[in-house]
Amino acid sequence: MYSFTVNGQSVSSEENKKLMYFLRDDLHLTGTKNGCDSGACGACTVLINGRASKSCLFTLSKVDGKEITTIEGLSQRQKDVFAYAFAQTGAVQCGYCIPGMLMSAVGMLKKKPEPTDKDVRKGIRGNICRCTGYVKIIEAIKLAAKMLREETPVPEAHSDGKLGHDLQRVDAKEKTLGTGKYVDDITVPGMLYASAIRSAYPRARLLKIDATKALADPDCVAVLTAKDVPGNNKIGHLEFISDWDVMIPVGEITRYVGDAVALVVSKKKTRLQELKDLVEVAYEELTPLLSCKAALADDAPKIHEKGNLLSHEHVVRGHADEALAQSKYVVKQHYSVPILEHAFMEPECAIAMPEEDGVLMYTGGQGIYDEQREVSRMLGLPKEKVHVQSQLVGGGFGGKEDMSVQHHAALAAWCLKQPVKVLFSRQESLLVHPKRHGMQMDFTTGCDDAGNLTAMKATVYADSGAYASLGGPVLQRACTHAAGPYKYQNIDIEGFAVYTNNPPCGAYRGFGVSQTAFAIESNLNMLAKKVGITPWEIRYKNAVAPGDILSNGQLVTQNTALKESLLAVKSVYDEAKTAGVTCFFKNSGLGVGVPDPGRCIISVENGKVHVRTSAAGIGQGIATITTQITCEALNISPDLVIAEAPDTRRTPDSGTTTASRQSLITGEATKRAAQKLRVELDMGRTLADLEGEEFHGEFAPVTDPLNSDKEHPVSHVGYSYGAEVATLDDKGKLGKIVAAYDIGQVINPRAAEGQIEGGIVMGMGYALTEKFKMDHGYVKARYPNLGLLDATKVPEIEETFVHAKHIHDNVAYGVKGVGELATILPAPAIAGAYYAWDGELRPDLPLVNTPYEKKKRK
């Protein structure tokens, strides 16, 4: 028997389990989050005898007789102060890391009640955040420390909610204090637990599954296989490419180590792994195809029936070869970038249960209507029979667009007519979900003797891994942005997305542009050197301005401020001893002729204005964005607005949270719905008069397909632009990153700053430290060896917003996206800084020969 106190109450247990699981499962103290279960992320931090400790590293025998404090056990004064400080500073995005971060702060403040910036960074160095870049978390902790130290009353937060004004995020308090519910925080009566058996090999023929021993165990409820799928065994994020097996059928060939071959359902979560081990699976191991070159060889076996080429893009405008031949200076370089893990803080989880003659699902993905479509197809049910409700989402960055746990939970619940939870361990998450594409790229760029760009030619090979996912659209964006935001018209960009037996690659913040931006921007640095001008000068000379033409032929709109962004960082670049500079752009919306509607219903209920969209909030704060757009349109207080969570029965299809689209496209739909209500209010009717009425808004921008024969096609409805400078100190470490962004109308300044800061730190990791270890198709990556940056490794970050003279157009008040753009610029800026440092081009990521590179032990 192990006895100790939790939040002042005596508790005991006969089982020597992990403290984290005891707190969450036995005591239902779900403010303590399970992020990695390996002591590397800090989401499970609690106080043990007053000291911040990771509860996943302690068994109950180690805490016998000790005093445990979870976030639920803090004093009301502490809760009030921290909730205010984190909301007021904009320190909360997806929120999954915040309770653990807060507990580390409480532990640190016991020793240092008046902490310096360095003290705070050190105090939270064991806590990882993938959203915020730590800047505003540090600010929040220092503010809370001051309020606690000086016994400052917690002020009431006031905001009119209008565009351009700070408004505390509508979900900040519940996320800070751990009271908001992510899927794994929910328990349903009678709930079973399921987990998939994954392929033992990257490529193998599945010969046999024998579940006899597992089924003989009283805790085993079922072992489901492909033959138990009542509808279509093939799913896929894109409707026109459903190539991903729910489970690999016996006799068929696996495509990567994340393939599911069987689904084990248990009465007890703790027995799942044992029961899976009892299932006997036989394979015939086959040689995997682990590179684009191997997969495209003439004699390569087909990974999919259609072959190993997923997609091919060829973007041509002008006469690149001719222009390059006539160019004064030409540089040609090969670049290599690796596949990479999103490392969102919340591992994937879904709960499904019977509902009438269908299923109800609690999920945490990036699009409830995508989940509904794929699950209904798998189950052979009409879409309306699959009811999906989104809970809080602990980060996504593109990694939660594909099905991961949702379909398996739904299948088990449908077959067994009982509630079923499927939760990934962190290692299973690393194994299964799609990654950022690794790419091999050859870029040739030319200019005249003054540095005016003349032409570019590029070939891109993208390793899309085992399944399509978003591989085709990612390749498109990589190609459409490869020439950069510059005014030259001779381009020839050819791209290939290739199936291999590596993990699938799909959407990742930046969506293919992060890869090609690194290449073209590095080429520009070399061209500048040949011409004899600075990297800043070559960019400013060629940067597009309103009225110019992008390399894809699209006219540059009046609300474009790329040159202004370069001017905003010029002094920092000029004054630095060693610095790199970059500028780039990113589309908002799917574009290229793809239907892309956003929808919103605004209803008046109990005197409040309900904003109903299905746009997934993955940390970017879409609920706050739609709240502020509603306040702007209606001229009402945010206290009167309720932004509802996505629910297929309540909220219309607003599309996936992807492509930096929601603020602009669903934002415009929200504006249109609100304006219909505004007409009624302007006619003298009150909210009481309008009780129960609904107002529908929809926005579906029209764009042109790739290689349109129009002189000036509209490839995308909008673009955001930015410039960034990275400076190095005398030791070659980053000194400061300064960014200037044109994102149109800024909705919520603090939230936008937080997006930029988080994107910069994620991009810094891409440039310098992050790796996803693989070995012959086997995933060797673990959370501790991903190379994620903690708060002590992040340099000073400064950001500012720039605007064109014509910031407001007729779409969403001039709003443009920022989430993806913020991640694209850091790697080329940092690469440019190291090129300036020693003249050595570093064409691979992460960059070699930097102080951040971990040296291999001899």
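The values are calculated or read from the model by the stated rules, or taken from the named source; none is laboratory data. All values reported here derive from a predicted model rather than from experimental measurement. Methodologically, a virtual Cβ is constructed for each residue, glycine included, from the backbone with ideal geometry; neighbour enumeration extends over all protein chains shown.
Overview of results
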| item | result |
| --- | --- |
| Lone qualifier among Thr627, Thr613 - being touching a Lys or Arg at 6+ places or on another chain (Cβ under 8 Å), under 27 Å from Thr132 (Cβ atoms), crowded, with 22+ Cβ neighbours inside 10 Å and not aromatic (Phe, Trp, Tyr) | Thr613 |
| Odd one out for Asp647 among (1) within 12 Å of Ala812 (Cα to Cα); (2) touching a residue at least 60 places away in the same chain (Cβ under 8 Å) | (1) |
| Any hit, the stretch 46-68, residues being assigned to a loop (DSSP other than H, G, I, E, B), under 29 Å from the mean Cα position of the chain (by Cα) and either in contact (Cβ under 8 Å) with a residue 40 or more places away in the chain or in the same structural domain as Pro153 (by TED's automatic domain parsing) (or both) | no |
| Criterion: within 24 Å of the chain's Cα centre (by Cα) and of a type in the set (D, E, K, R) - qualifying residue of Asp25, Asp80, Asp37 | Asp37 |
| Residues of the stretch 107-142 satisfying the condition of being basic (Lys, Arg), assigned to a helix (DSSP H, G or I) and in contact (Cβ under 8 Å) with a residue 12 or more places away in the chain | Lys110, Arg121, Lys122, Lys136, Lys142 |
| Selected residue (only one of Glu151, Glu156 is over 21 Å from Asn748 (Cβ atoms) and either crowded, with 21+ Cβ neighbours inside 10 Å or without any contact (Cβ under 8 Å) to a residue 40 or more places away in the chain (or both)) | Glu151 |
| Of all residues in the stretch 561-607 being in contact with a Leu (Cβ under 6 Å, 6 or more places away or on another chain) and of a type in the set (D, E, K, R), the one that is nearest to Ser390 (Cα to Cα) | Asp596 |
| Lone unmet requirement of (1) surrounded by fewer than 19 Cβ atoms within 10 Å (Cβ to Cβ); (2) within 22 Å of Thr187 (Cβ to Cβ); (3) in contact with a helix residue (DSSP H, G or I) (Cβ under 8 Å, 6 or more places away or on another chain); (4) charged (D, E, K, R) for Glu14 | (3) |
| Every residue from the stretch 658-689 that is part of a loop (DSSP other than H, G, I, E, B) and out of contact with any Ser or Thr (no Cβ under 9 Å at 6 or more places or on another chain) | Thr658, Met683, Gly684, Arg685, Thr686, Leu687, Ala688, Asp689 |
| Near pairs, Cβ below 8 angstrom, 6+ apart or cross-chain, from the stretch 350-364 (closer than 22 Å to Glu401 by Cα) to any residue that is surrounded by 15 or more Cβ atoms within 10 Å (Cβ to Cβ) and charged (D, E, K, R) | Ala350/Lys421; Ile351/Lys421; Val359/Lys385; Met361/Glu371; Thr363/Glu371; Gly364/Glu346; Gly364/Glu348; Gly364/Lys400 |
| Only one of Pro638, Pro595, Pro652, Pro646 that is crowded, with 24+ Cβ neighbours inside 10 Å and of a type outside the set (Val, Ile, Thr) | Pro646 |
| Residue list for the stretch 193-213, filter: among the aromatic types (Phe, Trp, Tyr) and out of contact with any helix residue (DSSP H, G or I) (no Cβ under 9 Å at 6 or more places or on another chain) | Tyr201 |
| Lone unmet requirement of (1) within 23 Å of Ala352 (Cβ to Cβ); (2) part of a loop (DSSP other than H, G, I, E, B); (3) among the hydrophobic types (A, V, I, L, M, F, W, C) for Val422 | (2) |
| Enumerated helices (runs of 4 or more DSSP H) restricted to the stretch 255-335, each holding at least 3 residues that are not assigned by TED's automatic domain parsing to the domain that holds Cys479 | 272-278, 292-295 |
| Residue, nearest to Lys175 (Cα to Cα), within the stretch 366-412, restricted to residues that are of a type in the set (A, V, I, L, M) and in contact with a Gly (Cβ under 7 Å, 6 or more places away or on another chain) | Leu392 |
| Residue list for the stretch 630-647, filter: closer than 28 Å to His342 by Cβ and of a type in the set (A, V, I, L, M) | Ala643, Ala645 |
| Residue check, Ser715 part of a strand (DSSP E or B), under 20 Å from Ala804 (Cβ atoms) and not basic (Lys, Arg) | no |
| Residue, surrounded by the most Cβ atoms within 10 Å (Cβ to Cβ), within the stretch 565-578, restricted to residues that are part of a helix (DSSP H, G or I), of a type in the set (Ser, Thr, Tyr) and touching a residue at least 24 places away in the same chain (Cβ under 8 Å) | Ser565 |
| Residue in the stretch 775-795 that is in contact with a strand residue (DSSP E or B) (Cβ under 8 Å, 6 or more places away or on another chain), assigned to a helix (DSSP H, G or I) and among the aliphatic types (A, V, I, L, M) present | no |
| Residue satisfying all of: in the stretch 475-505; out of contact with any helix residue (DSSP H, G or I) (no Cβ under 9 Å at 6 or more places or on another chain) and not in a loop (DSSP other than H, G, I, E, B); surrounded by the most Cβ atoms within 10 Å (Cβ to Cβ) among these | Leu475 |
| Matching residues in the stretch 510-534 - criterion: being touching a Ser or Thr at 6+ places or on another chain (Cβ under 8 Å) and assigned to a helix (DSSP H, G or I) | Ser514, Ala517, Ile520, Glu521, Asn523, Leu524, Leu527, Ala528 |
| Within the stretch 363-390, considering residues that are buried (at least 22 other Cβ atoms within 10 Å of the Cβ) and polar (S, T, N, Q), the one nearest to Asp596 (Cα to Cα) | Gln366 |
| Among the residues listed as Asp442, Asp449, the single one being assigned by TED's automatic domain parsing to the domain that holds Ala323, surrounded by fewer than 24 Cβ atoms within 10 Å (Cβ to Cβ), farther than 27 Å from Lys306 by Cβ and not aliphatic (A, V, I, L, M) | Asp449 |
| Subset of the stretch 534-564 [on the phi > 0 side of the Ramachandran plot and crowded, with 24+ Cβ neighbours inside 10 Å] | none |
| Whichever residue in the stretch 282-293 is more than 30 Å from the chain's Cα centre (by Cα) and not β-branched (Val, Ile, Thr) and, among such residues, is farthest from Arg203 (Cα to Cα) | Ala282 |
